[in-house]
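See below for the structure under consideration.
The values are calculated or read from the model by the stated rules, or taken from the named source; none is laboratory data. Please read these numbers as outputs of a predicted model, since none were measured by experiment. All Cβ positions, glycine included, derive from the backbone under ideal geometry; neighbour counts span all protein chains shown.
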Amino acid sequence: MSSIQKELAHPDIQVPADVQSNVFVTTLDKIYNWSRRNSLWPMMFGLACCAIEMIATAAARYDLSRFGMEVMRPSARQADMLIVSGTVTKKMVPQIVRLYNQMPEPKYVIAMGACASGGGPFKEGYNVVSGIDKFLPVDVYIPGCPPTPQALLHGLITLQKKIDGQSLMSVPWYPFGGNKGPSEPIPVPILGPDLIDPRHAQLLRQRAAEAAVAQMNAAPAAESAPAA
Ligand code: SF4
């Protein structure tokens, strides 16, 4: 029995030895997950210094073709994995969210390094977002500044394990088992004097109304105060 057959064979169904070269029995979930985990297509996309480590991982020494992902895709529409590798600035967030929305489902996000995971050394800087998970659903976080190629490989293996645990009947992108089917696009943030997340528009309007009322209440009190 080949290693692939051993990996995929149904543990409860024994196939007679004389037909094992032609027949093996597996489950739909196993074959579906095995196909996807071994053909992850990453988007060709990098943000800062972590991207250099990602590029090194794609070079011959670390052999990304083990994951079926040796060719990074130049279009979001051909990719199913987004490696957010580097500092996430407010200026770049609208582009990152737009690219994520263009990726077909199923799709996965890896936050590579301290910056993408939580802001890193620039956390709470005026121009930096404290982690891409404020906007996108992240599947795997990789610590480090920068993470080594080995750490990225470990993150990819962790993602493969996550894919192994999924089931056709419960994954959110198919309308089975009460799921709605493919997710709605994430509203693209608006970059102005600061970054505005449209998902918080209602809260922002409420805060603005409260601030306006507080200002109106403060104005008569200031007028009636005795002059110094
Ligand atoms: S985590 Fe470190 S190496 Fe990676 S982008 Fe941020 S500062 Fe650069």
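Hey, can you tell me all the residues within the stretch 86-100 that are touching a Phe, Trp or Tyr at 6+ places or on another chain (Cβ under 9 Å) and either exposed (fewer than 15 other Cβ atoms within 10 Å of the Cβ) or assigned to a helix (DSSP H, G or I) (or both)?
If the condition is that a residue be touching a Phe, Trp or Tyr at 6+ places or on another chain (Cβ under 9 Å) and either exposed (fewer than 15 other Cβ atoms within 10 Å of the Cβ) or assigned to a helix (DSSP H, G or I) (or both), then Val93, Ile96, Val97, Leu99, Tyr100 are the ones that fit.
Only residues that are loosely packed, with under 13 Cβ neighbours inside 10 Å and hydrophobic (A, V, I, L, M, F, W, C): list them for the stretch 158-172, please.
Passing the criteria: only Met169.
Given the structure, is Ile83 assigned to a strand (DSSP E or B), assigned by TED's automatic domain parsing to the domain that holds Asp133, crowded, with 18+ Cβ neighbours inside 10 Å and within 16 Å of the ligand (Cβ to nearest atom)?
So Ile83 fits the description; yes.
Mind checking which residues of the stretch 10-39 are touching a Ser or Thr at 6+ places or on another chain (Cβ under 6 Å) and farther than 23 Å from Tyr108 by Cβ?
Once the filter is applied, which keeps residues that are touching a Ser or Thr at 6+ places or on another chain (Cβ under 6 Å) and farther than 23 Å from Tyr108 by Cβ, the stretch 10-39 yields only His10.
Within the stretch 1-30, take every residue that is surrounded by 11 or more Cβ atoms within 10 Å (Cβ to Cβ) and modelled with pLDDT of 85 or more and give me the one that is farthest from Ile132 (Cα to Cα).
Val25
Within the stretch 43-76, can you find the residues that are of a type outside the set (Phe, Trp, Tyr), part of a loop (DSSP other than H, G, I, E, B) and more than 12 Å from the ligand (Cβ to nearest atom)?
Met44, Ala59, Ala60, Arg61, Asp63, Gly68, Met69, Glu70, Val71, Met72, Pro74, Ser75
Specify which of the listed residues (Val109, Val129, Val138, Val84) is more than 9 Å from the chain's Cα centre (by Cα) and either at negative phi or of a type in the set (Phe, Trp, Tyr) (or both).
When all the criteria are applied, what remains is Val129.
Residue by residue through the stretch 112-146, note down the ones that are more than 10 Å from the ligand (Cβ to nearest atom), closer than 20 Å to Pro42 by Cα and in contact with a strand residue (DSSP E or B) (Cβ under 8 Å, 6 or more places away or on another chain).
Hits for the stretch 112-146 are Gly131, Ile132, Asp133, Leu136, Pro137, Val138, Asp139, Val140, Tyr141.
Suppose we filter Ile186, Ile163 for residues that are among the aliphatic types (A, V, I, L, M) and either part of a helix (DSSP H, G or I) or within 14 Å of the ligand (Cβ to nearest atom) (or both); which single one remains?
From the options Ile186, Ile163, the qualifying one is Ile163.
Yes or no: Leu152 at pLDDT 95 or above and assigned to a helix (DSSP H, G or I)?
Answer is yes for this residue.
Pick out the one residue from Pro198, Pro185, Pro175, Pro220 that is of a type outside the set (Phe, Trp, Tyr) and surrounded by 12 or more Cβ atoms within 10 Å (Cβ to Cβ).
Just a single option satisfies the conditions, and that option is Pro198.
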